[in-house]
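Before any comments, here is the structure.
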Amino acid sequence: MNKQMTLFAFKDDPLCFMHVLLNALDLDEKGLGGRIVFEGEATKLIPLMADAKHFLHPLYVKVKEKGLIDAVCKACSIKMGVLEAVEKEGLPVAGDMSGHPAMSRYISAGQGVIVM
């Protein structure tokens, strides 16, 4: 049985984040999960990637259309000033651990967690 993987993304470097998107798509294609959780400064990338002119927009749209964005951190979205943009994108917001998505939820469900 294949273990389902969830990617927790923290960095807001677009070139680094491209690998989060690519790996999510690859894991999904291979039946290994590929869900993404936006944490920390990575939440700032959402309004940038939503712009059709941004170079990550096509990958972001693919990931979003496949339903691979599992959660966006509520506390970090507020801190980074992007909660409204996250909600406008229709992305799921989570904060079950003092305002942040808990890794324990994924681990308890038998999923692997990769921090990027």
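The values are calculated or read from the model by the stated rules, or taken from the named source; none is laboratory data. Quantities reported herein were computed from a predicted structural model and do not represent experimental measurements. Cβ placement follows ideal geometry from the backbone for every residue including glycine, while neighbour counts extend to all protein chains displayed.
Of all residues in the range 96-116, those satisfying the criterion of being closer than 22 Å to Met49 by Cα and assigned to a loop (DSSP other than H, G, I, E, B) are Pro101, Met116. Within the range 79-89, the set of residues being outside any helix (DSSP H, G or I) and either surrounded by 13 or more Cβ atoms within 10 Å (Cβ to Cβ) or within 13 Å of the chain's Cα centre (by Cα) (or both) comprises Met80, Val82, Glu89. A count restricted to the range 45-61 and to residues that are under 13 Å from the mean Cα position of the chain (by Cα) and surrounded by fewer than 17 Cβ atoms within 10 Å (Cβ to Cβ) stands at 1.
Any residue that is outside any helix (DSSP H, G or I) and hydrophobic (A, V, I, L, M, F, W, C) - is there at least one of those in the range 15-34? Yes, the range 15-34 has at least one match.
Condition test on Ala94, is it in contact with a Cys (Cβ under 8 Å, 6 or more places away or on another chain) and at pLDDT 95 or above? Yes, satisfied. Can you work out which of the residues in the range 35-55 that are among the aliphatic types (A, V, I, L, M) and not in a helix (DSSP H, G or I) is nearest to Met18 (Cα to Cα)? Restricting to residues being among the aliphatic types (A, V, I, L, M) and not in a helix (DSSP H, G or I), the top hit is Ile36.
Listed by first and then second residue, the pairs with beta-carbon distance under 7 Å, at least 6 apart or on different chains, first residue in the range 85-111 and charged (D, E, K, R), second at pLDDT 95 or above and in a loop (DSSP other than H, G, I, E, B), are Asp96/Ala102.
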